[in-house]
Amino acid sequence: MSNEKKPNQSQSAKASPPGRFGGAFGICSDHAGYELKNKIIDYLRSKNIGKIEDFGCFSTESCDYSDFAHPMAKAVSQGEIELGISCCGTGNGINITANRHAFVRSALCWTLEIAKLARQHNDANVLSLPARFVSEETAFEIVDAFLSTEFEGGRHQRRIEKIERY
């Protein structure tokens with residue numbers, strides 16, 4: 001029998017409770033998102049939200065977002081962490097990479113409303129931020145909204161199940 005963890009298929013079957021501060025989170029970035037990532041880590045630690053696993057990168061030296069997004073998304077996919085946050089220049093590349101993993105629903109969010117809707121309607125479990133296009137204050141508001149908004153279920157659950165079946 002293998003010790004390998006199976007994908008967390010229940011992530012699409014049940015909603016995340018509101019205010020999930022206290023769970024296990026992952027965070028990653030590329031060089032363009034490095035400074036925002038570190039500010040978010042400090043912000044979340046100041047709120048005592050629980051374990052934060054930093055998947056890198058670890059400097060502003062040019063790097064490839066996929067080297068850090070894949071390990072974080074894999075951890076979400078396998079249920080090792082509840083939610084993830086990723087940052088790159090536009091948020092697009094790191095978001096696309098995360099969405100390549102089973103049971104990962106990464107949402108690119110640049111406003112508070114988009115972050116809330118990503119959780120309410122899409123049960124997003126990874127937040128992707130465009131570091132070059134959001135202020136630090138806006139990023140913190142988006143992170144708070146993402147982590148505290150509950151999935152609505154209902155007709156949205158049916159849609160999530162159709163995504164996961166493909």
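Miscellaneous remarks
- Scanning the stretch 133-151 for residues that are more than 18 Å from Ser106 (Cβ to Cβ) and in a loop (DSSP other than H, G, I, E, B), we see that the one that is modelled with the highest pLDDT is Ser135.
- When Glu113 is tested against (1) more than 16 Å from Tyr43 (Cα to Cα); (2) touching a residue at least 24 places away in the same chain (Cβ under 8 Å); (3) part of a helix (DSSP H, G or I), exactly one condition is not met: (2).
- Residue identified as under 14 Å from the mean Cα position of the chain (by Cα) and at pLDDT below 95 among Phe68, Phe25: Phe25
- Restricting the stretch 34-51 to residues that are charged (D, E, K, R) and not in a helix (DSSP H, G or I) leaves a set whose member that is nearest to Cys63 (Cα to Cα) is Lys51.
- Pick from the stretch 136-166, criterion in contact with a strand residue (DSSP E or B) (Cβ under 8 Å, 6 or more places away or on another chain) and touching a residue at least 40 places away in the same chain (Cβ under 8 Å), ranking: farthest from Ala118 (Cα to Cα): Ala139
- In the set Thr90, Thr60, Thr138, only one residue is touching a Pro at 6+ places or on another chain (Cβ under 6 Å), over 18 Å from Gly26 (Cα atoms) and of a type in the set (S, T, N, Q); that residue is Thr90.
- Residues of the stretch 152-166 satisfying the condition of being surrounded by 13 or more Cβ atoms within 10 Å (Cβ to Cβ) and outside any helix (DSSP H, G or I): Glu152, Gly153
- One residue stands out among those in the stretch 116-134 that are among the hydrophobic types (A, V, I, L, M, F, W, C) and in contact (Cβ under 8 Å) with a residue 12 or more places away in the chain: the one that is surrounded by the fewest Cβ atoms within 10 Å (Cβ to Cβ), which is Phe133.
- Remark: Glu82 falls outside the filter, which requires a residue to be within 21 Å of Arg45 (Cα to Cα), among the acidic types (Asp, Glu) and over 13 Å from the mean Cα position of the chain (by Cα).
- Against the list (1) at pLDDT 95 or above; (2) under 13 Å from the mean Cα position of the chain (by Cα); (3) within 13 Å of Gly26 (Cβ to Cβ), the condition Ala107 fails is (3).
- Residue check for Ile40: out of contact with any Asp or Glu (no Cβ under 7 Å at 6 or more places or on another chain), more than 28 Å from Ile163 (Cα to Cα), modelled with pLDDT under 95 and surrounded by 14 or more Cβ atoms within 10 Å (Cβ to Cβ): no
- Where Asp67 falls short, out of the listed (1) closer than 18 Å to Ile41 by Cβ; (2) out of contact with any Ser or Thr (no Cβ under 9 Å at 6 or more places or on another chain): (1)
- When the stretch 68-92 is filtered for residues that are surrounded by fewer than 20 Cβ atoms within 10 Å (Cβ to Cβ) and either among the β-branched types (Val, Ile, Thr) or within 19 Å of Ala115 (Cα to Cα) (or both), the ones remaining, listed by number, are Gly89, Thr90, Asn92.
The values are calculated or read from the model by the stated rules, or taken from the named source; none is laboratory data. As the structure is a prediction and not an experimental result, all values here were calculated from the model. So basically every Cβ, Gly included, is an ideal-geometry build from the backbone, and we count neighbours across all protein chains shown.
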